Amino acid sequence: MRQKRLTNTYFYVACLIILLLVFNQVVVQYWLYQKNNDSKVINLSGRQRMLSQKINLLFYKIYEGDTAQRQLLLQTFYSLQKTHKGLLQNDKDLSLKAQTDLEVIRLLQQLTPYINYIQKELIYPSHLDKKRLAQISRNQDLFLLKMECIVNKLEKLSDQKLFTIVLAEIMLAILSILVIVLEIIFLVKPITQDLEKQWLKIQEDSIRYKETRNKLKAILNSSSDSNMLISKSYQLLSLNSIAKRNIISLWNSTPNIGDDIFKYITAGTREAFTQDLNKALNGEFVKVEREVHYSDNRKIWFEDTFYPVFDDDSQLVGASFNSTDISERKMFEEKILLQNATLRAIAWQQSHEVRSPVSNIIGLSKLLKSANMLVKGSEQSKYIDLILSETERLDHLIHQIIYKTKELSS
């Protein structure tokens, strides 16, 4: 929660700094535009002084008889007059805006009579005499003095604007620095401290992870089972030392992380292995026993276990394949089955084959006992032979049972 709050605050402060920078640039660009406009006004005002002197000079040339200067005189005057009107009322052609300072406006208005005077004199410039020429010269001198005052005033106003720009820039810079300092104190420093804590925690977690991984690796390597972790794309992600040793022994190849798992599965079990692996990759637990036939004519029984593996976010990573050699257990199971079959055979002999001669001996003995006084000679010998025959048969069966019992015990 604290980290989220700091992040949000940092975002807002960053936005504030960006706004300050944008505002700073807007202010700078605005004042630069104003300064450029002021420079243009000052240049045109300065040109007015030059034009007034040029008008005076052209009047002198006309007075001396150079009437060809009349057209140039008119052009010069109209240029001066147009600039004067532009300074008072705007002029798109000259890109001039009307002055807003009252003092400058008042001084410009004072120039209007001097300009009107020159305009009147332009009507009859060919009838110039010394008196009119002196009056024109005096008029232009007064115009020049007042224009000088206007230029000085405009330069002063421009300097004031420049001072205002510099002052605004300094204030904005101080404000930006203050915001950055506050950001460092109240945001960057806490975030840095949190990052240091997180870094220490990551280091501690990394150490614990390595210790846990080493323990798990030691456990897997100490197991007699073959264990492999297989990705969803059937690639080998990890394996223990037993699995590696078995692959080297069976396939004469050293396994590498990223190998296709089917490189190390025999063709006879590949289809069943693929089905069981896909079940595990779909979240099922599979446990099967299968007999594997190798190219060197060996036959080994394995108990294979497949189970899905998930990460901390419950996302399926792959499937774990654990294989245990159960050939010895299968051998004992077969022996037990043989022993059970032997026991069943012994029990059958005892319950069926042994009972027959015993019953015959008992019957003949009873018959011989009951007829002991009557049976003589060859008849008696016949009964005795029958008893001996059945006794031998019983003895043979007993020997068979003893032999099977010995086999069972061995």
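Below are the figures for this structure:
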item: Residue match in the range 92-100 (condition: surrounded by fewer than 18 Cβ atoms within 10 Å (Cβ to Cβ) and assigned to a helix (DSSP H, G or I)); result: no
item: Condition met for Arg47 (touching a Leu at 6+ places or on another chain (Cβ under 9 Å), in a helix (DSSP H, G or I), under 18 Å from Lys120 (Cβ atoms) and open to solvent by 60 Å² or more (accessible area, probe 1.4 Å)); result: no
item: Subset of the range 260-279 [under 22 Å from Leu250 (Cβ atoms), surrounded by 11 or more Cβ atoms within 10 Å (Cβ to Cβ) and out of contact with any helix residue (DSSP H, G or I) (no Cβ under 9 Å at 6 or more places or on another chain)]; result: Asp260, Gly268, Thr269, Ala272, Gln275, Asp276
item: Count - residues of the range 186-213 that are open to solvent by less than 90 Å² (accessible area, probe 1.4 Å) and among the hydrophobic types (A, V, I, L, M, F, W, C); result: 3
item: Lone unmet requirement of (1) surrounded by fewer than 17 Cβ atoms within 10 Å (Cβ to Cβ); (2) of a type outside the set (Gly, Ala, Ser); (3) modelled with pLDDT under 75 for Asn24; result: (1)
item: The range 357-370 residues that are among the hydrophobic types (A, V, I, L, M, F, W, C) and open to solvent by less than 50 Å² (accessible area, probe 1.4 Å), paired with ones that are at pLDDT below 70 and in a helix (DSSP H, G or I) (beta carbon under 9 Å, 6 or more apart); result: Leu364/Tyr383; Leu368/Gln380; Leu368/Tyr383
item: Residue satisfying condition, being under 13 Å from Tyr234 (Cβ atoms) and either under 35 Å from the mean Cα position of the chain (by Cα) or among the charged types (D, E, K, R) (or both), within set Phe310, Phe321, Phe285; result: Phe321
item: Flag for Ile42 being open to solvent by less than 50 Å² (accessible area, probe 1.4 Å) and either at pLDDT 70 or above or assigned to a helix (DSSP H, G or I) (or both); result: yes
item: Pick from the range 53-68, criterion modelled with pLDDT under 85 and surrounded by 14 or more Cβ atoms within 10 Å (Cβ to Cβ), ranking: farthest from the chain's Cα centre (by Cα); result: Tyr63
item: Near pairs, Cβ below 8 angstrom, 6+ apart or cross-chain, from the range 380-402 (touching a residue at least 40 places away in the same chain (Cβ under 8 Å)) to any residue that is open to solvent by 80 Å² or more (accessible area, probe 1.4 Å); result: Ile401/Gln350
item: Tally of residues being in a loop (DSSP other than H, G, I, E, B) and either closer than 17 Å to Ala243 by Cα or modelled with pLDDT of 80 or more (or both) across the range 256-312; result: 11
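The values are calculated or read from the model by the stated rules, or taken from the named source; none is laboratory data. Since the structure is predicted, the reported quantities are computational estimates derived from the model, not experimental observations. Note: ideal-geometry Cβ built from the backbone for every residue, glycine included; neighbour counts use all protein chains shown. For the accessible areas, the whole protein counts, side chains as well, though only heavy atoms, and no ligand, DNA or RNA atoms are used. Shrake-Rupley method; radii C 1.70, N 1.55, O 1.52, S 1.80 Å.
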